[in-house]
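Have a look at the structure below, then the notes.
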Amino acid sequence: MSPNTSGDAPILRNVTKPRSDVAFFIGLSAFSSIYVFLIVAMLVADVCFTSWSNIIETLLKREVQAAIRLTFLSCTAASILSIWVAIPFGYLLSRYRFPGRSFFEAVADVPFVLPPMVIGLSLLILFHLNIYGWELERWLRDDLGFGVTFRWPAVVLAQFVVACAFAIRTMRVTFDQINPRAEEVARTLGCTRYQSFSRVALPQAMRGIVAAFAVAWARSFGEFGPILVFAGSTRMRTEVLSTTVYLEWSVGNLSSAVAVSLVMVLIASLVLVVIRFAGGPAGR
């Protein structure tokens, strides 16, 4: 065959033979295994440090049982509040361009970058800041009959501030993945924006809502810094499982602290299964 002398693209000569990708994948696996090994080693160390009898003994403590109840109630309440905010917030950021949108996005991402202790301290200052003789905490306590700081509502609020940011991001990604064409068609057929949102977009986002709720619950479950600063760690009052680990460790009861930690690992694993099963953006 005569060589190509036309203006067509030249024929590639001396094409190198493809090499095996085994070495590449081995390299990737080696670096990835470092982190996996560290996490597994931590869990194995916890299991080896304690025993089933110690875990059961710890769970039978009245203080720990009260912490478990408050943990489940506060995490659920914070997650519900987060969903109520995250659905409209995520939809707004996903579907509309408006003045100040960047500011809204930046504010929603603040809990991602702020140290947890700073969030708790900021909440504490907010409720106790005296402005011309007016204080939010005193007004709530004296005029409305309930306080927030160093009480169980402070636990819920501290969890909500952090968890809501995760729920907002999950819902925004969820709505980004939903084609808005169906909503536009619904509006051409006479639906209002609210009707197209509630009847078209919201049902399609249901799996994402479940994922956002699970993510918010998991984030609330693991929260510690804001709760410690804003709500305290009073036993039988504001103690949750994360602060139980701290209290048991602070008095030198390391075996009980590890036992509670393992219980938290088990609960967190179940929540991760829910997130994966939901199949939302956070579960992919």
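None of the figures in this text is laboratory data; all of them are computed from the coordinates on show. Predicted model, so just to flag it, every value in this text is computed and none were measured. In this analysis, Cβ positions are derived from the backbone assuming ideal geometry, glycine residues included, and neighbour counts consider all displayed protein chains.
Worth a mention:
- Amide H contacts of E135: none lie under 5 Å away among residues 5 or more positions distant or on a separate chain (H built 1.01 Å from N in the peptide plane; Pro and chain starts excluded).
- GNM top mover of T58, T188, T234 - the chain, alpha-carbon springs below 10 Å: T188
- Likely footprinting exposure, M264, M117, fewest C-beta neighbours within 10 Å first: M117, M264
- Applying 0.36 nm per residue to the separation of M206 and V40 and subtracting their alpha-carbon distance, the gain on full extension is 56.4 nm.
- In this calculation the C-beta distance from R199 to F277 is compared with R0 = 30 Å, giving a FRET efficiency of 0.75.
- Taking a point 7 Å from the Cα of F98 along the Cα-to-Cβ direction, the residues of segment 195-210 with backbone N closer than 17 Å to it are 195-198.
- Couplings 3J(HN,Hα) for segment 187-197, derived from phi with the Karplus relation 6.51 cos²θ - 1.76 cosθ + 1.60 (θ = phi - 60°), are 6, 5, 8, x, 6, 6, 4, 5, 5, 5, 5 Hz, where x marks Gly and Pro.
- Helical runs (DSSP H, four residues minimum) scored at -39500 (n - 2.57) apiece and divided by the length of the chain put the mean residue ellipticity at 222 nm at -22500 deg cm²/dmol.
- Label-reachable residues, segment 197-220, where backbone N falls under 20 Å from a point 7 Å from F72's Cα toward its Cβ: 213-220
- Approximating the spin labels as points 7 Å out from Cα along Cα→Cβ, the A30-to-N130 distance works out to 6.4 nm.
- Gain in span if fully extended, A182 to F49, counting 0.36 nm per residue against the direct Cα distance: 42.3 nm
- In Hz, Karplus ³J(HN,Hα) per residue of segment 238-249 (6.51, -1.76, 1.60; θ = phi - 60°; x = Gly, Pro): 10, 7, 10, 4, 5, 7, 4, 4, 5, 5, 5, 5
- Applying both filters, DSSP loop and at most 14 other Cβ atoms within 10 Å, to the chymotrypsin sites (Phe, Trp or Tyr not before Pro) of segment 128-171 gives Y132, F146.
- Taking all pairs of distinct alpha-carbon atoms in segment 47-135, Kirkwood radius in angstrom: 17.6 Å
- The string of couplings for segment 48-56 from the Karplus curve (6.51, -1.76, 1.60, θ = phi - 60°) is 6, 6, 10, 9, 4, 5, 5, 5, 5 Hz, one whole number per residue in order, with x for Gly and Pro.
- Extension gain from L144 to W249, taking 0.36 nm per residue of separation minus the Cα-Cα distance: 34.1 nm
- Rounded if a/c under 1.5, otherwise prolate or oblate - segment 123-279, Cα gyration tensor axes: oblate
- Computed across the chain, the Kirkwood radius stands at 22.6 Å (inverse of mean 1/r, all Cα pairs).
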